[in-house]
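Read through the structure below, which is laid out as C-alpha cells, and then see the notes.
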Amino acid sequence: MKVRRSERLIDMTCYLLEKPHTLVSLTLFANRYDSAKSSISEDLTIIKKTFSDRGIGTLETVSGAAGGVMFIPKTNKEDAKAFIEEMCDRLSEQDRLLPGGYVYLSDLLGNPAILKTTGKIIATQYLDKEIDAVMTVATKGVPIAQAVASYLNVPFVIVRRDSKITEGSTVSINYVSGSSERVEKMELSKRSLKQGSRVLIVDDFMKGGGTVNGMRSLIDEFEAELVGITVFAETKFSGERMVEDYTSLLCVDDVDVRDKRIHVSPGNYFDKLNK
C-alpha cells in the first residue's frame, strides 16, 4: 500500500537514526513504501538538509548498483561546547567531592540523556577513523563505551579485573596503577578481539593513566591496533602520567578537600578536534 509522503519522511528518518553507519539501499525504501526511487531520492534530500541544519549528522550517498545512503551521527561544536560547559558546572558542585579527593560521577553516568550526548560527542571525534571495537574496563566505563559504540555501530568489549566463567579463556596482563603504583591485573576474553582490530579506548575517569595503559598493553597482546583514547574526565596529576596522547571532555583542575571545593574546566577535546 502506498504511503503518504509525510509518513514516509518520518519513517525514513527513524529508520536512519536507528541504523547509523549502515548502508541502506534506495531499493529497500522504494519497496518499503511502494514508491519510485526518484521520490525516495527527493525525500532523502530533505532529510539530509534537516540533519545538517539541526546538527544531527550527515547523510552520505554512495553511488553505484550496490549504493544507497548512510547516516553518520555528528555533534556540531556549538552543541558540544554547551554540553561540556554544563557538565563542568554539574561536576563542580560541592557535594560531589568524596573522601580522598574522589569525584562522584555515578548520577551523571547513569543519566541516559547525558550518556547519549557523551557517546555522540566522542564518536564525532573519530568519524574519519576506521574503528572495529570500543574498549573499556568494568564497571563505570561500560555505559560510556556502549553509547559510543552505538553511534559508531561497532561492538564494545569489557576488560575485567577478575575472570568470569562465562567469558571462556582469557588473556591477562599485570599493570601498574598510575595513582597508587600498585601492581594490578586485568583480563579480556580471547573471543573479544580479532587480530588486527582497530580499537578505541573509552573510560570514565583518568588520574595517572595506569588503567588506560593496561588496556593499551592488552590491545598489543591481541596484535590489534590502538586508534585513540578518550575519557569523560581527567584530573590534574602531580606525577608522571603513563598516557600522553589522549582526549578528555572534562578536567578536574582544582580540588580542596578541606574547604570541600572542586573546580572543573573543559578538557582538551576541542584542541584534539581541531588537529
Output the number of residues of the range 162-186 satisfying the condition of being surrounded by 11 or more Cβ atoms within 10 Å (Cβ to Cβ) and farther than 18 Å from Leu226 by Cβ.
12
Name every residue in the range 224-239 that is farther than 22 Å from Ala80 by Cα and touching a residue at least 12 places away in the same chain (Cβ under 8 Å), in order of residue number.
Ala224, Glu225, Leu226, Lys236, Phe237, Gly239
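Search the range 234-275 for residues being assigned to a loop (DSSP other than H, G, I, E, B) and among the hydroxyl-bearing types (Ser, Thr, Tyr), and hand back the single one that is nearest to Asp95 (Cα to Cα). Quick ask: steps written out before the conclusion?
Going residue by residue through the range 234-275, those that are assigned to a loop (DSSP other than H, G, I, E, B) are 236-246, 257-260, 267-268, 274-275.
Applying the additional criterion that residues be among the hydroxyl-bearing types (Ser, Thr, Tyr) yields 238, 246.
Numbers: Ser238: 24, Tyr246: 28 Å.
Among them, the one singled out is Ser238.
Residue by residue through the range 244-266, note down the ones that are under 22 Å from the mean Cα position of the chain (by Cα), surrounded by 13 or more Cβ atoms within 10 Å (Cβ to Cβ) and without any contact (Cβ under 8 Å) to a residue 60 or more places away in the chain.
From the range 244-266, those under 22 Å from the mean Cα position of the chain (by Cα) are 244-252, 264-266; that's our starting set.
When the remaining residues are screened for being surrounded by 13 or more Cβ atoms within 10 Å (Cβ to Cβ), the result is 246-252, 264-266.
Across the range 244-266, the qualifying residues are Tyr246, Ser248, Cys251.
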Where residues in the range 205-233 are modelled with pLDDT under 95 and part of a strand (DSSP E or B), which of them is surrounded by the most Cβ atoms within 10 Å (Cβ to Cβ)?
Met206
Go through (1) outside any loop (DSSP other than H, G, I, E, B); (2) at pLDDT 95 or above; (3) acidic (Asp, Glu) for Glu184 and report which single condition fails.
(2)
Working carefully through the options Ser169, Ser197, find the one that is out of contact with any Lys or Arg (no Cβ under 8 Å at 6 or more places or on another chain) and of a type in the set (S, T, N, Q).
Ser197
Of a type outside the set (Lys, Arg) and over 30 Å from Thr118 (Cα atoms) - does that describe any residue in the range 66-73?
yes
Does any residue of the range 135-142 turn out to be assigned by TED's automatic domain parsing to the domain that holds Met186, touching a residue at least 40 places away in the same chain (Cβ under 8 Å), assigned to a loop (DSSP other than H, G, I, E, B) and closer than 23 Å to Ser197 by Cβ?
yes
For Leu152, all conditions in the list (1) under 21 Å from Arg216 (Cα atoms); (2) at pLDDT below 95; (3) touching a His at 6+ places or on another chain (Cβ under 8 Å) hold save one; what is the number of the exception?
(2)
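Can you go through Ile84, Ile72, Ile121 and tell me which one is modelled with pLDDT of 95 or more, farther than 24 Å from Cys14 by Cβ, surrounded by 14 or more Cβ atoms within 10 Å (Cβ to Cβ) and aliphatic (A, V, I, L, M)? It would help to see each step written out before you state the result.
On the way: Ile72 fails: farther than 24 Å from Cys14 by Cβ; Ile121 fails: farther than 24 Å from Cys14 by Cβ.
Exactly one residue qualifies, and that residue is Ile84.
The values are calculated or read from the model by the stated rules, or taken from the named source; none is laboratory data. Computed from a predicted model, the values in this text were never measured in an experiment. Using ideal geometry, Cβ is built from the backbone for each residue, glycine included, and neighbour counts are taken over all protein chains shown.
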